[in-house]
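See structure below.
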Amino acid sequence: MKLEIKNAACGYGKKNVLKDISVFVNSGEILCLLGPNGVGKTTLFKTILGFLSLQHGLITLGGTDLSTMPARQFARKLGYVPQAHTPPFPFKVLDVVVMGRTAHMGAFATPSKNDIEIALSSLERLEIGFLKDRAYTEISGGERQMVLIARALTQTPDFLVMDEPTSSLDYGNQIRVLRQVCRLAKDGLGIIMTSHFPDHAFLCTSRVALIKRDGNLVCGNAHDVITEENLKETYGINVKVTEIEGPNGEAIQTCVPLMN
């Protein structure tokens with residue numbers, strides 16, 4: 001299955017933020033969306049999720065125009081993982097994850113035994129089943145991000161849209177989250193995620209959509225798109241793209257910003 005954006009223009013009201021955007025992601029792939037602050041990454045996400053109407057173009061999922069898809073069906077196909085947040089009430093982790101079953105439940109229905117089993121399975125899939133009875137407000141930032149991913153998985157979607165899944169996480173938790181993202185893609189999920197770190201695209205062996213400061217979009221595999229020239233044009237700094245040796249002797253590309 002393919003999630004495809006075709007010749008899209010998006011923005012707020014009559015204000016155009018992005019135009020002529022064409023990019024796609026297949027089931028089992030990771031598409032990493034890179035670009036500086038304010039360039040339109042969040043606007044594109046809001047448009048994909050239906051929070052903003054397309055100004056021009058088309059977004060399809062499996063060939064079906066997303067704008068024509070009923071809301072309940074849309075929620076069963078496309079899951080959303082926001083940046084980690086803290087709710088105002090101390091819900092149990094399991095209760096937060098079960099909320100992902102809303103799209104599969106009737107109006108005013110309570111979660112069934114099957115809904116709870118699916119939620120528990122999502123927690124175990126991410127290796128955080130031990131958190132199920134903890135208060136969501138009392139766990140760490142990295143654990144909260146994993147819980148939000150589990151909630152999205154409980155929707156049983158075909159694709160995940162992840163808004164900076166490693167935002168505000170420490171170095172170790174960033175890698176733990178990315179490791180799970182890669183596992184989900186190997187299990188067949190299509191994933192679109194934003195990141196402020198080009199290295200994340202290398203670590204996930206993902207395809208990249210790089211939005212430059214002038215709004216132009218460059219798409220392709222990470223090794224072709226994440227170049228010193230493209231990074232300088234995008235972020236306005238000098239960056240050295242180099243290789244290091246991995247644990248098994250393999251070559252791993254990485255980015256090193258240059259202060260001078």
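The values are calculated or read from the model by the stated rules, or taken from the named source; none is laboratory data. Values in this document were obtained by computation on a predicted structure and should not be read as measured data. Virtual Cβ from ideal backbone geometry, glycine too; neighbours counted across all protein chains shown.
Some observations on this one:
- Selection from the range 1-47 of residues that are hydroxyl-bearing (S, T, Y), farther than 24 Å from D224 by Cβ and part of a strand (DSSP E or B): Y12
- Any hit, the range 189-196, residues being under 14 Å from P36 (Cα atoms) and either modelled with pLDDT of 95 or more or in a strand (DSSP E or B) (or both): yes
- Single residue of L231, L210 found to be buried (at least 19 other Cβ atoms within 10 Å of the Cβ), touching a residue at least 40 places away in the same chain (Cβ under 8 Å) and not in a loop (DSSP other than H, G, I, E, B): L210
- Some residue of the range 88-96 being touching a Ser or Thr at 6+ places or on another chain (Cβ under 9 Å) and β-branched (V, I, T): no
- Counted residues, the range 115-173 - those being assigned to a loop (DSSP other than H, G, I, E, B) and basic (K, R): 2
- Residue in the range 105-119 that is β-branched (V, I, T) and in contact with a strand residue (DSSP E or B) (Cβ under 8 Å, 6 or more places away or on another chain) present: no
- In the range 234-260, of all residues being over 18 Å from T194 (Cα atoms) and among the polar types (S, T, N, Q), the one that is surrounded by the fewest Cβ atoms within 10 Å (Cβ to Cβ) corresponds to N260.
- Within the range 53-66, being part of a loop (DSSP other than H, G, I, E, B) and surrounded by fewer than 18 Cβ atoms within 10 Å (Cβ to Cβ) holds for S53, G62, G63.
- Residue check, H223 out of contact with any Gly (no Cβ under 8 Å at 6 or more places or on another chain), more than 17 Å from M162 (Cβ to Cβ) and not hydrophobic (A, V, I, L, M, F, W, C): yes
- All told, R101 meets the bar of being among the basic types (K, R) and at pLDDT 90 or above.
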